[in-house]
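Data first, discussion second: the structure below is written as structure tokens.
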Amino acid sequence: MITSYSKRGLAALMLAHCAGMIDLVALPVWVGTLVAHYHFDARQAGLLASLFLGGAVLASAMLAPRFDPETARWKAAIGFALSALLFTVAAQTHHYLLLALLHTVCGITTGLSLSVTHGTIARGSNPHRGFALVGIALGVFAILFLGSAPPLVAHLGGSTLFYLFAGVMAVGALASALAFPRAETDGLPRVSIVRQPVPRQVWYGIAGIACMGLVQSMTFSFLERVGSDRGFGLQAVTGVLIALGFVNLLPAPLAALLEKRLPARSVLMAGPLVQALLVLVIMSSARFAPYAAAASVFAAVMIFTHTFAFGLMARLDRSGRAMAATPAMLMTGAAIGPILGGTLVQGWGYGSLGPVALTLGLTASFCFSRLPRGAAVQPQEALA
């Protein structure tokens, strides 16, 4: 039996999703701060972000096969609480090796919480709609964060960014402890998961999402830097980031409205190609207008496409275990992205990101083409 979550539970899932997906919002400010305020080079800054994402991959890969909805609440709360503590410690140091260790461990604790959050969303009565709702929350969070973080960091110093991260994680921990959905909700009985293998088609979807996550993080990490290095100015680049946050409000509700109108597999095959074309524009344009237009919608493509992917794949595996691995899907690629992007930028310039993104986009589109055209909801196959 699949649960239907209360408004209170959905609110907790929204806040937990925002905390766990902070990299999707903060990467350009994150890497930019490490370069501008901590004076690390592009490769070093990218590696720190990659270590955080790699830790999240490790946690998600280990937890997802053992996902248990009855222990999800306390795992989410403890993971975010530890992340808040670790980011507070990170704000106290400029030592690279210590920052590297803190980023890695913080990625593990954040990945733990995010995995159980996504596994819980996947067990809802409509996982596509549920993921769209948390996506809307992420869009609101992006506006608040991208509008406030760059000027605060510029005026108060680089450590401010880690204090902001710690605050976000603390909110996620509190929301999870107080209102995270329990195994039984709205009077529904507890369920036990039959440990069946994840359907074979889901692995193609996992590979496709990983490729898109790699393109996303590789590009997003240097979105602020490429604008600054081309002389567009802090105010203009910050304006683009704020616009990106507002645009990010649209893809999740749009994906919810179009759930029954657009074939999911077609959306998934087109999404990576559009994403790659936007990278070509962002990284090759010497003028502000094309850069701003492409950058402002860049993250929206990932959010829209991933909402369809989450819904389709959750219906292929109703136990929630595959979608508990969502952080691993996104962050396997995303963990490689910052260090790969930093290496490419340092060696061959920003323009080198475009051809790599196009190759990965074609690969992702092929992987998504292997998914079925639709997936009927058959909860009896995965749950007893």
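The values are calculated or read from the model by the stated rules, or taken from the named source; none is laboratory data. These figures come from a predicted structure and were not determined experimentally. Note that we place each Cβ from the backbone using ideal geometry, even for glycine, and neighbour counts take in every protein chain shown.
Observations
- Residue count for segment 28-48, restricted to those that are within 19 Å of residue 244 (Cα to Cα) and within 17 Å of the chain's Cα centre (by Cα): 4.
- Residues in segment 335-351 that are in a helix (DSSP H, G or I) and either basic (Lys, Arg) or free of Cβ contacts under 8 Å to residues at least 12 places away in the same chain (or both): 347, 348.
- Residues in segment 96-114 that are over 21 Å from residue 38 (Cβ atoms) and not hydroxyl-bearing (Ser, Thr, Tyr) were compared, and the one that is surrounded by the most Cβ atoms within 10 Å (Cβ to Cβ) is 114.
- Considering (1) within 21 Å of the chain's Cα centre (by Cα); (2) closer than 24 Å to residue 351 by Cα; (3) surrounded by fewer than 20 Cβ atoms within 10 Å (Cβ to Cβ), the lone condition that residue 249 does not fulfil carries the number (2).
- Matching helices (runs of 4 or more DSSP H) fully within segment 1-92 where at least 1 residues are within 26 Å of residue 336 (Cβ to Cβ), at pLDDT below 80 and of a type outside the set (D, E, K, R): 22-36, 42-63
- Odd one out for residue 256 among (1) farther than 16 Å from residue 219 by Cα; (2) free of Cβ contacts under 8 Å to residues at least 40 places away in the same chain: (2)
- Qualifying positions in segment 93-105 - farther than 16 Å from residue 62 by Cβ, of a type outside the set (Phe, Trp, Tyr) and assigned to a helix (DSSP H, G or I): 97, 98, 99, 100, 101, 102, 103
- Hits in segment 106-145 (condition: among the hydroxyl-bearing types (Ser, Thr, Tyr) and over 14 Å from the mean Cα position of the chain (by Cα)): 109, 120, 125
- Scanning segment 121-168 for residues that are basic (Lys, Arg) and buried (at least 24 other Cβ atoms within 10 Å of the Cβ) gives a single hit, 123.
- Filter result for residue 292 (in a helix (DSSP H, G or I) and either at pLDDT 85 or above or farther than 15 Å from residue 143 by Cβ (or both)): yes
- Counted residues, segment 260-269 - those being surrounded by fewer than 17 Cβ atoms within 10 Å (Cβ to Cβ) and either in contact (Cβ under 8 Å) with a residue 12 or more places away in the chain or part of a helix (DSSP H, G or I) (or both): 3
- Filter result for the condition that a residue is in contact with a helix residue (DSSP H, G or I) (Cβ under 7 Å, 6 or more places away or on another chain), in contact (Cβ under 8 Å) with a residue 40 or more places away in the chain and not basic (Lys, Arg), over 85, 63: 63
- Scan segment 200-246 for residues that are closer than 27 Å to residue 269 by Cβ and in a helix (DSSP H, G or I) and the total you get is 23.
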